[in-house]
Amino acid sequence: MGGVIREEIRVLSAYHVPSSAGMVKLDAMENPYTLPPALRQALALRMENLAINRYPDANPLQLKATLKQVMGIPEHAEVLLGNGSDEIIQILALAVNRPGATILSVDPSFVMFRMIATFAGMKYVGVPLNPDFSLPRDGLLQAIAQHQPPLIFLAYPNNPTGNCFDEDVMEAVLQAAPGLVVVDEAYFPFTPQSFMHRLLSHPRLLVMRTLSKLGLAGVRLGFLSGPAPIIHELEKLRLPYNISVLDQMVVEEVLAHPEVLREQCHQIVQDRKKLFEVLAQIPGVEAFPSQANFILFRVRDAQAVFDGLKARGILIKKLCGAHPLLTGTLRVTVGTALENSQFLDALNDTLQPSHS
Ligand SMILES: *Cc1c(COP(=O)(O)O)cnc(C)c1O
């Protein structure tokens, strides 16, 4: 297919999802809890009468109203729904793409920013974070001046580093940006910090969230909130039936009881604190504070630790090799209390096999 498929696509390797059968799965920032029996029963009953022979509602107003209420989206902001926030990133790229246009973010950050820029045939500029993972004010402002990006992404908290960036520097980016600035709040359930309340005070600020990390990763629902004139343009690029009837039904039912997932996430935050404290005490481990549902940590030999954990039935994410700042790092998702202690036992065992 040499001449047909674009060169920049042919050199990519497909997004790799490792097999996790039979493993303690702490690699993908999933909520480890299931729904309570009453809610599952309610879903089953609704499933029975669901019109799966019909196309889904192409503009589910009730669902958007529920999202606005549950998520604290300002009243005058508009909402775009995506099949996961990944689809929204793609819609944004399609909307701003012109020959030579740049998507700007920081590195290391969420890999889909770069990947979707490549898919869309756009330039990607990732301004390196400072060694402490904070935002480099001068580097960012200089890159904005140089590349005039129509689209900037800042993940807040950032993935894979787990920190929230300095708000003053984010504000400086908002002031300097010539185009859209998307604050990606995929990890909003695990931090009180948010840019949602600043929406509409900046004409080009957009806040993107997803239900994935909250507890509905299997459902694939992300949304973008922002000023109506921008959202209305983006709506034109959204494929008409991108949110299935199944997805819409599950989200309606689950968000009618927002306390369920909220309490699960509260538990995850408590357990993150405990996991961090233990992890940080282990000799040879440097753990980085996190506002998300995962913890990044550094060891001397990340490949050996990754393999050792895997051999003991624990799957986490290896990040070394992805970026110089990530040398020696691994990322563990906060699981149930039991999963976290299984992970810690396996980690101790891997680091000091003589103890067992
Ligand atoms: C997980 C993640 C997403 C993707 O969310 P989906 O809605 O599942 O596509 C987006 N942004 C960041 C920073 C993430 O970590």
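The simple spin-label model puts a point 7 Å past each Cα toward its Cβ; for Leu45 and Glu167 those points are separated by 4.3 nm.
Taking 0.36 nm per residue of separation and subtracting the Cα-Cα distance, full extension of the segment from Gln146 to Ala176 would add 9.7 nm.
Rounded to the nearest 0.05, what FRET efficiency is calculated for Asn97 and Ile9 with R0 set to 22 Å and r the Cβ-Cβ distance? That pair, Asn97 with Ile9, gives E of 0.90. Segment 77-132 and segment 279-356 have their alpha-carbon centroids 29 Å apart.
For Phe294, what charge total do you get from the other residues with a beta carbon under 12 Å from its beta carbon, if Lys and Arg give +1 and Asp and Glu give -1?
The answer is +1.
Working from label points 7 Å from Cα in the Cα-to-Cβ sense, the Ile52 to Ser341 distance is 4.0 nm. So which trypsin sites (Lys or Arg not before Pro) in segment 159-251 pass both tests, a DSSP loop state and at most 13 other Cβ atoms within 10 Å of the Cβ? Of the trypsin sites (Lys or Arg not before Pro), the ones in loops of segment 159-251 whose Cβ has at most 13 other Cβ atoms within 10 Å are Lys236. The share of Cα pairs per 20 Å bin across the chain, counted from zero up to the longest distance, runs 28, 58, 14, 0 percent.
Computed over the chain, the per-residue total of -39500 (n - 2.57) for DSSP H runs of n ≥ 4 gives a 222 nm mean residue ellipticity of -12000 deg cm²/dmol, rounded to 500.
What's the local net charge at Phe188, with K and R +1, D and E -1, over the other residues with C-beta under 9 Å away?
Taking every Cβ under 9 Å from that of Phe188, the sum is +1.
If I take R0 = 41 Å and measure r between the Cβ atoms of His16 and Gln267 in this structure, what FRET efficiency does the formula 1/(1 + (r/R0)^6) give, to the nearest 0.05? Step by step, r from the Cβ atoms, then E = 0.85.
Using a simple spin-label model with pseudo-atoms 7 Å out from Cα toward Cβ, Ala322 and Ser244 lie 2.7 nm apart. Net length available on complete extension from Ser134 to Val70 is 20.0 nm, with 0.36 nm assigned per residue and the Cα-Cα distance removed. Of all beta bridges that DSSP places with both ends in the chain, some 45 percent have antiparallel geometry.
GNM remark for the chain: springs join alpha carbons under 10 Å apart, and the peak mean-square fluctuation among Ala120, Ala292, Ala101 falls on Ala120.
Using a ≥ b ≥ c from the Cα gyration tensor of segment 113-256 (square roots of the eigenvalues), is it rounded, prolate or oblate, where a/c under 1.5 gives rounded and otherwise the larger of a/b and b/c decides, a/b for prolate?
prolate
Once the other residues with Cβ under 15 Å from the Cβ of His323 are scored (Lys, Arg +1; Asp, Glu -1), what is the net sum? Residues near His323 contribute +3 overall. Set the bar at 19 Å for Cα to Cα. Now go through Lys123/Lys318; Lys213/Lys317; Lys273/Lys318 and name every pair that lies beyond it. Result: Lys123/Lys318; Lys273/Lys318 exceed 19 Å. If you plug the beta carbon distance of Lys274 and Met115 into 1/(1 + (r/R0)^6) with R0 = 30 Å, you get a FRET efficiency near 0.30. Ordered by the count of other Cβ atoms within 10 Å of each Cβ, fewest first, Ser20, Ser109 give Ser20, Ser109.
Across the alpha-carbon set of segment 74-161, the Rg to Rh ratio works out to 0.98, Rh being the Kirkwood radius.
Couplings 3J(HN,Hα) for segment 179-195, derived from phi with the Karplus relation 6.51 cos²θ - 1.76 cosθ + 1.60 (θ = phi - 60°), are x, 7, 10, 9, 8, 8, 9, 4, 9, 4, x, 10, 8, x, 7, 7, 9 Hz, where x marks Gly and Pro. Whole percent per 5 Å bin, from 0 to the bin with the longest distance: what is P(r) over all C-alpha pairs of segment 279-332? The distribution over segment 279-332 is 5, 21, 30, 29, 14, 2, given as percents. Largest GNM mean-square fluctuation across Asn293, Asn158, Asn49, computed for the chain with C-alpha springs under 10 Å, falls on Asn49. When Thr161, Thr350, Thr34, Thr336 are arranged by Cβ crowding within 10 Å, least crowded first, meaning fewest neighbours, the order is Thr34, Thr336, Thr350, Thr161.
The numbers here are math on the coordinates, done by the rules we state, and not lab data. If you're wondering where the values come from, they're calculated on a predicted model, not measured in any experiment. Cβ atoms come from the backbone with ideal geometry, glycine included; neighbour counts cover every protein chain shown.
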